[in-house]
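K.L.:
Have a look at this one before I ask anything.
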Amino acid sequence: MAGHDEPMTNLLGPEPTLLPTEPGQKALAAGTSPRDAARANPTSSAAWAAVAAEAAASGADLETYAFARVGYHRGLDSLRRNGWKGHGPIPWEHEPNQGFLRCLAALSLAAAGIGETDEAQRCAQFLADSSQAASDELLP
């Protein structure tokens with residue numbers, strides 16, 4: 001049994017990671033086009049997610065994949081800077097997390113669309129492990 005002077009630990013796993021609001025999110029909310037938001041804020045997952053969504057809507061599968069992958073990697077960088085250790089919850093309900101989660105979903109769908117089945121499944125599982133709510137919202 002732990003002594004009274006030992007710190008308490010979260011027995012359920014790591015605490016949720018809550019990203020700060022990105023300038024790209026603010027630019028999109030102000031009506032900046034996704035491409036202009038990404039140009040002005042290249043580290044913004046939210047901006048890259050919006051560009052990937054535009055590409056997907058136009059049927060540009062390779063561009064969707066590329067834009068989603070950039071946003072995914074930018075999001076991983078941001079998560080790590082904000083204490084994420086490679087696993088644990090990334091709540092969908094926290095709006096600043098949605099850019100990364102949208103990129104992860106877009107990457108899963110785009111990978112499936114170009115026949116990269118293993119990557120599609122890995123990303124879908126990563127999304128569900130990070131936020132079941134995001135998976136339910138973003139994946140078929």
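A short reminder: the numbers here are calculations on the coordinates, not readings from a lab. Being a predicted model, the structure only gives us computed values, none of them experimental. A quick note on method: Cβ atoms are made from the backbone with ideal geometry, for glycine too, and the neighbour counts reach across all protein chains shown.
K.L.:
What is the pair-distance distribution P(r) of the chain, computed from all Cα-Cα distances in 10 Å bins starting at 0, with each bin given as a whole percent?
P.N.:
13, 41, 30, 9, 4, 2, 0
K.L.:
Here's another thing I want to ask about it. Provide the packing ranking of 91-97, 79-85, 40-46, i.e. peptides ordered by the mean count of other C-beta atoms within 10 Å per residue, highest first.
P.N.:
In decreasing order of mean packing, 91-97, 79-85, 40-46 become 40-46, 91-97, 79-85.
K.L.:
Another one. Between 90, 62, 115, whose Cα lies farthest towards the positive end of the dipole of region 35-138 when Lys and Arg beta carbons carry +1 and Asp and Glu beta carbons carry -1, centred on the Cα centre?
P.N.:
Final value for the positive-end residue is 90.
K.L.:
What is the Å³ per residue value for the convex hull set by the Cα atoms of region 87-140?
P.N.:
60 Å³
K.L.:
Considering only the other residues whose Cβ falls under 14 Å of the Cβ of residue 64, what net charge follows from Lys and Arg at +1 and Asp and Glu at -1?
P.N.:
-2
K.L.:
Something else now. Dipole magnitude of the chain about its Cα centre, charges +1 at Lys/Arg Cβ and -1 at Asp/Glu Cβ only, in debye to the nearest 20?
P.N.:
Roughly 440 debye, rounded to the nearest 20.
K.L.:
Another question about this same structure. Would you tally the net charge around residue 23, using a Cβ to Cβ cut-off of less than 13 Å, leaving residue 23 out, and scoring K and R as +1, D and E as -1?
P.N.:
Spelling it out: positives minus negatives among the neighbours equals +1.
K.L.:
Tell me, how many Å apart are the Cα centres for region 120-140 and for region 62-118?
P.N.:
10 Å
K.L.:
Please list 28-39, 121-132 highest first by mean number of surrounding beta-carbon atoms within 10 Å per residue.
P.N.:
Highest to lowest by the protection proxy: 121-132, 28-39.
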